[in-house]
Amino acid sequence: MSRILFVCLGNICRSPLAEAAFRREVELAGLEVEVDSAGTGDWHIGKPPDPRAVDVAAKNGVAITNLRARQLAETDFTAFTHIFAMDHENLENIRAAMPGDATAQVSLLLDMVPGREGEAVADPYFGDDEGFALTWADVSEAAKALVWHLQRGG
Ligand code: 4NP
């Protein structure tokens, strides 16, 4: 079974939305996949998602109010089969934290989307609602592509 971890900086905007969008696609596809999210930073540990993320998820039919931020842990590198970074800074920080016995595949989330390899899911935190709508569009597109990928053997 695939075990997927989505990682951003704070774990209150992008990765909870990626987690929510992917959970929905997994359910629609009838797959059995373990899903979680985390942040590379520690500022928001224990906090619920940003209200703007809650709003955009709710507008798209997904409730994320129950999620709580946590920080990426060393054990995640063996507990998960895939770790997806939202942007290049996250990717660098994840790679820097990777222990020697890591088994997870680490990559950018948008690498899953044909034609968008190497692109980042932009940080919406210091922006407005439009930024969050764009985040939702990006993570939804990636979630569909990731399900397609997993259905073909991961
Ligand atoms: P996220 O967004 O990484 O998508 O959860 C951010 C959340 C908090 C901060 C930056 C980005 N911050 O600077 O506190």
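Quick note: the coordinates plus some simple rules give every number you see, no bench work behind them. What you are looking at is a predicted structure, and each value in this text was computed from that prediction instead of being measured. Quick reminder, even Gly has a Cβ in these numbers, built from the backbone with ideal geometry, and neighbours come from all protein chains shown.
Using alpha-carbon positions, what is the distance between the centroids of the stretch 1-31 and the stretch 102-119, in Å?
Centre-to-centre distance over Cα atoms comes out at 14 Å.
GNM, the chain, Cα, under 10 Å: largest mean-square fluctuation among Gly46, Gly131, Gly30?
For the chain, modelled as a Gaussian network with Cα springs under 10 Å, the answer is Gly30.
Pick out, from Leu110, Asn66, Ala133, the residue whose Cα sits farthest towards the positive end of the charge dipole of the stretch 28-154, with +1 on the Cβ of Lys and Arg and -1 on the Cβ of Asp and Glu.
Working it through, the farthest residue towards the positive pole turns out to be Asn66.
To make sure I understand, if each residue's beta carbon is the centre and we count other beta carbons within 10 Å, what order do Asp129, Asp101 fall in, fewest to most?
Asp101, Asp129
Mean-square fluctuation check for the chain, GNM, Cα pairs under 10 Å: which of Ile94, Ile45, Ile12 is largest?
Between Ile94, Ile45, Ile12, it is Ile45 that shows the largest mean-square fluctuation.
Please tell me the relative contact order of the chain in percent, rounded to the nearest whole number, where contacts are Cα pairs under 8 Å and at least six residues apart. Before the final figure, lay out each step's value.
Working: 297 pairs, mean separation 42.8, N = 154.
Reported as a whole number, the value is 28 percent.
Would you please state which residues of the stretch 1-15 a label at Glu34 would reach in this model, taking the label point 7 Å out along Cα→Cβ and a backbone N cut-off of under 14 Å?
Counting backbone N atoms under 14 Å from the label point, the list is 1-6.
Scan the chain and hand back the longest stretch that contains none of the chymotrypsin sites (Phe, Trp or Tyr not before Pro) lying in DSSP loops with at most 15 other Cβ atoms within 10 Å. Each step should come with its number before you reach the end.
On the way: sites that count: Trp43, Phe126.
Longest site-free region, per DSSP loop and neighbour criteria: 44-125.
Name the most mobile residue of Ala18, Ala102, Ala38, meaning the one with the largest mean-square fluctuation, in a Gaussian network model of the chain with Cα contacts below 10 Å.
Comparing Ala18, Ala102, Ala38 in the GNM, the peak value goes to Ala102.
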